[in-house]
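The values are calculated or read from the model by the stated rules, or taken from the named source; none is laboratory data. Since this is a predicted model, take the numbers as computed values, not measurements. Methodologically, a virtual Cβ is constructed for each residue, glycine included, from the backbone with ideal geometry; neighbour enumeration extends over all protein chains shown. Keep in mind that these areas ignore ligands, DNA and RNA; they rest on the heavy atoms of the full protein, side chains included. Shrake-Rupley method; radii C 1.70, N 1.55, O 1.52, S 1.80 Å.
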Amino acid sequence: IKANNRNHYKVFESSISKDFKTILTMETELRKALKEDQLELHYQPQKNIETGQIVGLEALLRWKHPEWGYVPPATFIPLAEKTGLIFEIGEWVLKQACLQNKTWQAQGYPPFVVGVNLSAKQFYQKDLVDKVENILKESGLNANYLELEITESMAMSNEEDIFRTLEGLRALGVHVSIDDFGTGYSSLKYLSQFPISKLKIDRIFIHENRKQNEAIVKSIIHMSHSLNMKVIAEGVETEEQLEFLKTEQCDEMQGYYFSKPLPPHQLDRFFPKIV
Ligand code: C2E
Ligand code: CA
Ligand code: CA
Ligand code: CA
């Protein structure tokens, strides 16, 4: 039994140092990824439920590591936040998404909004509005075709800086939406005062088939509309889910039922090109 215990301890110890090494390696590798062009954006279409038209695409970051394959963003974004690499990565994402959308427009595709996820650190940068303005200028994309996604916890605070940032983005013409809505703590007071264009209902309320969730989804849709915001359901995977959302007059949907996030060249199929 003694030997066994010692072994357990050893295994435990070595797994700690292994994790630590993994984190260090990952940080080094992530720096390399930026330099060596291993990052890609995939895009997931967002559909107007009533007309069936594609109205937007959400940009989702992909890291294609030469040995590890695709590393999911949920693994490396938190690390990027911790190490500060998120600033450089976030700027790359924003620039890339704007350039890509401008390219689609130049190719004659019907115009749509590109949605970009912002991390907390990125959103709290004092010069975020200037940065966004510069990227829009550089890419030539009209601000109306850019939407920034932030989460409830990032927005719902009394800080004057946050209000100023949101007002600044609005003044540029950029849309702001609240991602993963329903999972955080929203203050109705701020929701009604802040210049927010859209609520994105978190996948969990769509996915779990429970009466309670239906009630939550219904009330988020109603609330959005009474506050003059649009509302989109995330993670729609089945026809039943879509039918329910249609009945409840949810404006837009996004999810595997219609399409997974795809690399840019695979989106052609949704848009008959205007020549
Ligand atoms: P999110 O912003 O909530 O993005 C939606 C996630 O749900 C994406 O995962 C997407 O692939 C997935 N998804 C979409 N439709 C369905 C569906 O019908 N069923 C299921 N099961 N999943 C669906 P992904 O791409 O792995 O991204 C995970 C998270 O990583 C994102 O969650 C976002 O918080 C973060 N992220 C992704 N790209 C970026 C980025 O460029 N910057 C920052 N700061 N965060 C990002
Ligand atoms: Ca998002
Ligand atoms: Ca989300
Ligand atoms: Ca999320």
- prompt: Which of the residues belonging to region 72-100 are over 27 Å from Arg164 (Cα atoms) and of a type in the set (S, T, N, Q)?
  reply: Thr75, Gln100
task: Looking only at region 116-125, decide whether some residue is more than 22 Å from Ala33 (Cβ to Cβ), at pLDDT 95 or above, open to solvent by less than 70 Å² (accessible area, probe 1.4 Å) and within 16 Å of ligand 4 (Cβ to nearest atom).
output: yes
query: What number of residues within region 225-241 satisfy the criterion of being touching a strand residue (DSSP E or B) at 6+ places or on another chain (Cβ under 7 Å) and at positive phi?
result: 0
Condition check for Glu91: open to solvent by 50 Å² or more (accessible area, probe 1.4 Å), more than 16 Å from ligand 3 (Cβ to nearest atom) and at pLDDT 95 or above: yes
- line: Checked pairs for region 165-183, first more than 19 Å from Glu252 (Cβ to Cβ), second in a loop (DSSP other than H, G, I, E, B) and more than 15 Å from ligand 3 (Cβ to nearest atom), C-beta under 7 Å and 6 or more apart or across chains, list as Leu166/Phe194; Leu166/Pro195; Glu167/Pro195; Arg170/Pro195
message: Just to be sure I understand, how many residues within region 187-220 are within 15 Å of ligand 4 (Cβ to nearest atom) and over 19 Å from Gly115 (Cα atoms)?
response: 4
task: Taking Glu159 as meeting all but one of (1) open to solvent by 90 Å² or more (accessible area, probe 1.4 Å); (2) in contact (Cβ under 8 Å) with a residue 40 or more places away in the chain, write down the number of the exception.
output: (2)
task: Could you please find all residues in region 155-180 being part of a strand (DSSP E or B) and more than 13 Å from Ser197 (Cα to Cα)?
output: Asp180
- line: Screening Phe194, Phe271, Phe244 for residues that are open to solvent by less than 40 Å² (accessible area, probe 1.4 Å), out of contact with any Cys (no Cβ under 7 Å at 6 or more places or on another chain) and without any contact (Cβ under 8 Å) to a residue 60 or more places away in the chain leaves only Phe194
message: Checking Ile206 against (1) modelled with pLDDT of 95 or more; (2) surrounded by fewer than 16 Cβ atoms within 10 Å (Cβ to Cβ): exactly one of these is not met. Which one?
response: (2)
query: Tally time: how many residues in region 172-227 are away from ligand 1 (no atom under 16 Å from the Cβ) and acidic (Asp, Glu)?
result: 1
query: In region 255-275, what count of residues is obtained for those that are touching a helix residue (DSSP H, G or I) at 6+ places or on another chain (Cβ under 9 Å) and either within 16 Å of ligand 4 (Cβ to nearest atom) or under 17 Å from Lys200 (Cβ atoms) (or both)?
result: 4
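Okay, residues lined up against (1) modelled with pLDDT under 95; (2) open to solvent by less than 90 Å² (accessible area, probe 1.4 Å); (3) touching a strand residue (DSSP E or B) at 6+ places or on another chain (Cβ under 7 Å); (4) over 30 Å from His265 (Cα atoms):
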position	(1), (2), (3), (4)
Arg6	yes, no, no, yes
Ser15	yes, yes, no, yes
Thr25	yes, yes, no, yes
Leu41	no, yes, yes, no
Gln46	no, yes, yes, no
Glu50	no, no, no, no
Matching entry among Lys218, Lys200 (being surrounded by 14 or more Cβ atoms within 10 Å (Cβ to Cβ), more than 22 Å from the chain's Cα centre (by Cα) and not in a loop (DSSP other than H, G, I, E, B)): Lys218
field: Pair list, Cβ < 9 Å and 6+ apart or interchain, from region 95-114 residues that are assigned to a strand (DSSP E or B) to residues that are aromatic (Phe, Trp, Tyr)
entry: Val113/Tyr145; Val114/Tyr43; Val114/Trp104; Val114/Tyr145
task: May I ask you to say which residue of Met223, Met229 is more than 16 Å from ligand 4 (Cβ to nearest atom), within 27 Å of Leu128 (Cα to Cα), without any contact (Cβ under 8 Å) to a residue 40 or more places away in the chain and surrounded by 14 or more Cβ atoms within 10 Å (Cβ to Cβ)?
output: Met229
